[in-house]
Amino acid sequence: MSENKSHDNIENMMNNLHCGRNPQNRPPPPLSMKDFLMKQALGKGAYGNVYRVQNIRDGKDYALKQISIHAGQNGVPQSVLREISTMKQLSRKGHPNILNLHSVFHQTSQGILTVNMILERCDWDLHTFLKGIPSGLPDKQCRHLTIQIVRALDFLHSHGIIHRDLKPQNILVNRDQTVKLADFGLSKEYSNTTAFTTLVVTLWYRSPEVILQSFYNSAIDMWALGCIVSEIYNRDPLFPGQDEAQQLTCILRKLGLPSIKDWPRESVIVRSSFPEFTPQSLQTRCLAGDALNFVEQCLRFDPKRRISARVALTHPYLKPLGVMQPVNG
Ligand SMILES: Nc1ncnc2c1ncn2[C@@H]1O[C@H](COP(=O)(O)OP(=O)(O)OP(=O)(O)O)[C@@H](O)[C@H]1O
Ligand SMILES: [Mg+2]
């Protein structure tokens, strides 16, 4: 499939998509930037600038993700099309832990096509949230964050979607402690037998099978989850590699060199190029007990032996919690 589509195609696909239900059963008038008051910037990513906006029609706050595509780029990047179509699909089904896309519209000016995604607004991303708290989070709160991420992943995986870019910056958190999974720019539909070899997932959260360019499936999101849960407890990234080669060494130094049978057969790097690293315990002052066991099950080198989101929901670490108090900030 070609990596880009023409501006004309994308115009048909997304212009004034309304994902929410319309009570009168007739389409609301088209939205444009005139309907929004721009407030402060919320974040910046590889593709999009995200702003807090107020919709003049309903008076409510939203997040606006703006993606600008220059005429010279020869069409709309695949990641943008993917993000819109995945979010459209997910918003129709609706899940409490997946960011809702309210509408999409675009404008063209001086050869630049700007795609505007109107999203549910959240208070922080997990990276900013963790940086902003003075000391470690209580175990109950860590579990409450984790269970919501797992529910979102289970929902995605059961609909045949892999997120592929799970990282703290793409997990949004609200004051009432609800979690919303965001940024579906790299998400991809899959069938169990499909193999993808493109490089995906931000380096620190990238699974060994992706680094080794082997076949991969939804288990790559569970690897990223293991790294993230460890980071929630320790407030430091678990595998902070500087480049791809170092990333794998960083993983092997901590987890040890896996057995021959766990090393992917299709790997571009042979197992014998690494020394016999001895595994180190992942236990720390903050990460122990059920939480440690949970992280270990997410970080199994062989994706077939890694815990799935469905099974993770039954792990003792994620047994239901009582009512949570809102966080200050
Ligand atoms: N709905 C939202 N509410 C609050 N903040 C948000 C929202 N959406 C995004 N952000 C902030 O903006 C940042 C960038 O958003 P997003 O990840 O969607 O952009 P991106 O360009 O796809 O990023 P990436 O660099 O991961 O590809 C997020 O990390 C977060 O801090
Ligand atoms: Mg992002």
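Values quoted throughout were computed directly from the atomic coordinates according to the rules given, and no laboratory measurement underlies them. These numbers come from a predicted model, not from an experiment. Quick reminder, even Gly has a Cβ in these numbers, built from the backbone with ideal geometry, and neighbours come from all protein chains shown.
Potential lengthening of the chain between residue 281 and residue 108 amounts to 56.8 nm, from the contour at 0.36 nm per residue minus the alpha-carbon distance.
The slack in the chain from residue 288 to residue 39, taken as 0.36 nm per residue of separation less the alpha-carbon distance, amounts to 85.4 nm. Here the Karplus curve 6.51 cos²θ - 1.76 cosθ + 1.60, taken at θ = phi - 60°, turns the phi angles of the stretch 272-278 into couplings of 5, 7, 10, x, 6, 4, 8 Hz, with x standing for Gly and Pro. Were the residues from residue 174 through residue 123 laid out at 0.36 nm apart, the gain over their Cα-Cα distance would be 17.9 nm. Take the Cα of residue 131, step 7 Å toward its Cβ, do the same at residue 270, and the gap between the two points is 4.4 nm. For the pair residue 319 and residue 52, label points projected 7 Å from Cα toward Cβ lie 3.9 nm apart.
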